Amino acid sequence: MDNKFLKIRNDFPILNQKVNNEPLVYLDNAATSQKPQAVLDEMVRYYQNDNANTHRSVHTLGERATEEYEAARGKVQKFINAKESREVIFTKGTTDSLNLVAATYGEENVSAGDEIVVSYMEHHSNLIPWQQLALRKHATLKYIELTADGQLDMADAEQKITVKTKIVAIAHASNVLGVTNDIQKLAQMAHLHNAVIVADGAQAVPHQPVDVQNLDVDFYAFSGHKMLAPMGIGVLYGKSDLLKAMSPYQYGGEMIDFVEKYQSTWTDIPWKFEAGTQNVAGAIGLGKAIDYLTEIGMQNIAEYEKHLVEYALPKLLEIPGVTVYGPQNQINRNAVISFNLKNLHPHDLATALDMDGVAVRAGHHCAQPLMKYLNVVATARASFYIYNTVEDIDQLIYAIKDAKEFFKV
Amino acid sequence: MSLSGLNNLYREVILDHSEHPHHKHNLEHATDKVTLKNPTCGDVINLEVNLVDGKVADIGFTGEGCTISQSSASMMTDAVIGKTTADSLEMAQIFSDMVMGKKRSDADLEKLGDAAILSSVMQFPARIKCATLCWWALRKSLGEEVDD
């Protein structure tokens, strides 16, 4: 398996460069992934040959652009196993998708006294839209606790999700703790009380097979740019009966049926939610990224990343002064490892690693309530993807030891 | 490692200020107190100033942050004690210009004392905010309009 993954690296021209005179080791994949040449080529091909506005231009290029845009929607449908392609709405990204649900379904279905359930490990994009909705509606926002090793406390979830719950909004995988949550079980809990479940799939879809029907989620959001596609394209999956009942998110061109002087009607899903000119090249790029990932196989990717984590975790834990957040073994872990080095601020650590060519994230990872929960200001985070190798991890370990020596910590 | 690169930023003086920060404590008689945060990393500085007759009679800071932010605050407190409000604000401007790579005279940089050594931050754009946070807090506590 390793050999196959080693070749993958050659598909990513950006990785072939030096940073601060050292070969680049890119370990900031949870923030954004790099793009393979195939995706870059596909977008150039589209702009060179087929660029036109979709769904309105009665000419050949318009037809081609529309066809490719809708074909990309079909690829997304298959990739996440949605029942129908109209359950796939193209958005700007995960944040946009989650705001869409909060501003439409949330606005229409949450009232004073209702409850919205989130967890302490939510990314701000799956927290603030619900927090603000709760404030607007005088609803209560409840947090599911975490277990001592940083997993979602499912017993607490069972307590927190009640007959008052209208929405359960949970990350499928954490961008800090490296855990994947049991969304299927949480969906059962939500549905038992007639609540809907919204899953933030930003850190899951790029790394493991995702089947929205099997998970039985009502809404599922993710971004293209974390899975080899360009920035500015993302997906909201929603069950068709829910989407049909929801009001549009934005109003304008393309989402209409008939517009009269004083009233209008809306077109069908998913276009009802795609007002204005869409990011067609982005959608086509996402379609190509899906082709690329499918060719490798999502299960293979999950296993390869597990192998990287299995290699990295004990090596990190071996370094005196290193604290790893989340589970201390590779079971239930995805390709994200957040850590701190005792007596060194993560920003200083990240600068030191950068001098060794190693790119990691340092900060609160847009998860400030989680940082408070863990009682840290910030952490460093190494996150892996398909083009990373054990040599990259060796370089990370070497660089951390270097930083330790330099700062005498 | 490119130790030379890292040495450029983390000079001995900077590491020393970070390990043994000057004036890192609360003031008993503060005439003004300002808290500023760096939203990208969660660093916080609480700056307390005791202004007497238009001069910084005493100054102290608390909070947490990286080596650069802590040493910068330590150097800043050294630099402004005993200075007038106008002189302190001028120093804040000199410091800001220096780390942003704007040319200032050697005489101007000398006014900063140890803090002038942070000119190396200029080569690390991601870290400029770490160095300037305390100076923004100073500006605010001396009455300048500062975005939180």
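Could you work out how far apart the two model spin labels at A:Glu145 and A:Leu317 are, taking each label as a point 7 Å from the Cα in the direction of the beta carbon, and quote it in nm?
Result for the modelled spin labels: 2.4 nm.
P(r) for region B:20-107, please, calculated from all Cα pair distances in 10 Å bins and given in %.
17, 46, 33, 5
Tell me which aspartates and glutamates have Cα within less than 20 Å of A:Lys18's Cα, excluding those fewer than 8 residues away on the same chain?
Hits, sequence-local ones excluded: A:Asp28, A:Asp354, A:Asp356, A:Glu391, A:Asp392, A:Asp394, A:Asp402.
For chain B, just the Cα set please: Rg and Dmax, both in angstrom.
For chain B, the Cα-based Rg and Dmax read 14.3, 51 Å.
Could you calculate the contour length gain from A:Glu405 to A:Asn194, that is, 0.36 nm times the residue separation minus the distance between their Cα atoms, to one decimal place in nm?
Values: separation 211, 0.36 × 211 = 75.96 nm, distance 5.61 nm.
Stretched out fully, the A:Glu405 to A:Asn194 stretch lengthens by 70.4 nm.
Report the antiparallel proportion of the DSSP beta bridges in chain A as a percent, rounded to a multiple of 5.
So the antiparallel bridges in chain A amount to around 60 percent.
Run the quick spin-label model on B:Gln93 and A:Arg56: label points 7 Å from Cα toward the beta carbon, then report their separation in nm to one decimal.
5.1
If I model the protein assembly as shown as equal point scatterers sitting on the Cα atoms and use the Debye formula, what is log10 I(q)/I(0) at q = 0.07, 0.10, 0.12, 0.13 Å⁻¹?
For the protein assembly as shown, the Cα-only Debye profile gives -0.48, -0.93, -1.19, -1.28.
Could you work out, residue by residue across A:8-18, how many beta carbons of other chains sit within 10 Å of that residue's beta carbon, and then give the average as an integer?
Details: counts 0, 0, 0, 0, 0, 0, 0, 0, 0, 0, 0.
That works out to 0 on average.
Is it possible to state the helix-based mean residue ellipticity at 222 nm for chain A, with each DSSP H run of 4+ residues giving -39500 (n - 2.57), the sum divided by total residues, to the nearest 500 deg cm²/dmol? What is it? Spell out each step's value before the answer.
Working: 14 runs with 159 residues, N = 409.
It lands at -12000 deg cm²/dmol.
Evaluate region A:230-301: find the radius of gyration of its Cα atoms, find its Kirkwood radius, and give the ratio Rg to Rh.
Working: Rg = 16.0 Å, Rh = 14.4 Å.
Rg/Rh for region A:230-301 comes to 1.11.
For Cα pairs less than 8 Å apart in space and 6+ apart in sequence, what is the mean separation divided by the residue count of chain A, i.e. the relative contact order in percent?
Working: 811 pairs, mean separation 91.3, N = 409.
Across chain A, relative contact order equals 22 percent.
Given a Förster distance of 45 Å, report the FRET efficiency between A:Asn332 and B:Lys24 from their Cβ-Cβ distance, rounded to the nearest 0.05. Write down the numbers at each step before the final one.
Details: r = 41 Å, r/R0 = 0.91.
Calculated transfer efficiency: 0.65.
Take A:Tyr262 and A:Asn375, extend 7 Å from each Cα along the Cα→Cβ direction, and tell me the distance between the two endpoints in nm.
That separation, rounded to one decimal, is 6.4 nm.
Give me Rg over Rh for region A:182-277, both radii from the alpha carbons and Rh done the Kirkwood way, two decimal places. Walk me through the numbers on the way to the answer.
Details: Rg = 15.9 Å, Rh = 15.1 Å.
Expressed as Rg/Rh, it is 1.05.
On full extension of the chain, what length is gained from A:Gln213 through A:Ile14, given 0.36 nm per residue of separation minus the C-alpha to C-alpha distance? Don't jump to the answer; show the numbers that get you there.
On the way: separation 199, 0.36 × 199 = 71.64 nm, distance 3.61 nm.
Full-extension gain reported as 68.0 nm.
How large is the Rg to Rh ratio of region A:52-295 when both quantities use alpha carbon positions and Rh follows Kirkwood?
On the way: Rg = 18.0 Å, Rh = 18.4 Å.
Taking Rh as the inverse mean 1/r over Cα pairs, Rg/Rh reads 0.98.
Provide a whole-number value for the mean count of partner chain Cβ atoms within 10 Å of the Cβ atoms in peptide B:124-133.
Mean shielding count: 2.
Rg and Dmax of region A:19-150, using alpha carbons, in Å: what are they?
20.7, 61
Could you work out the relative contact order of region A:52-295, using alpha carbon pairs under 8 angstrom and six or more residues apart, expressed as a whole percent?
Values: 478 pairs, mean separation 56.9, N = 244.
Rounded, it is 23 percent for region A:52-295.
Enter the mean number of other protein chain beta carbons within 10 Å of the beta carbon of each residue in B:61-70, as an integer. Mind showing how you got there, number by number?
Numbers: counts 0, 0, 1, 3, 5, 11, 7, 4, 3, 2.
Going residue by residue through B:61-70 and averaging, the value is 4.
With both partners inside region A:124-276, how many of the DSSP beta bridges are antiparallel, as a percent to the nearest 5? Don't jump to the answer; show the numbers that get you there.
Working: 9 of 17 bridges.
If I count the DSSP bridges inside region A:124-276, around 55 percent turn out antiparallel.
We did not get these values from a lab; they are worked out from the coordinates using the rules stated. Computed from a prediction, not measured in an experiment: that's the story for all the values here. Ideal geometry is used to build each Cβ from the backbone, glycine not excepted, and the neighbour counts take in all protein chains shown.
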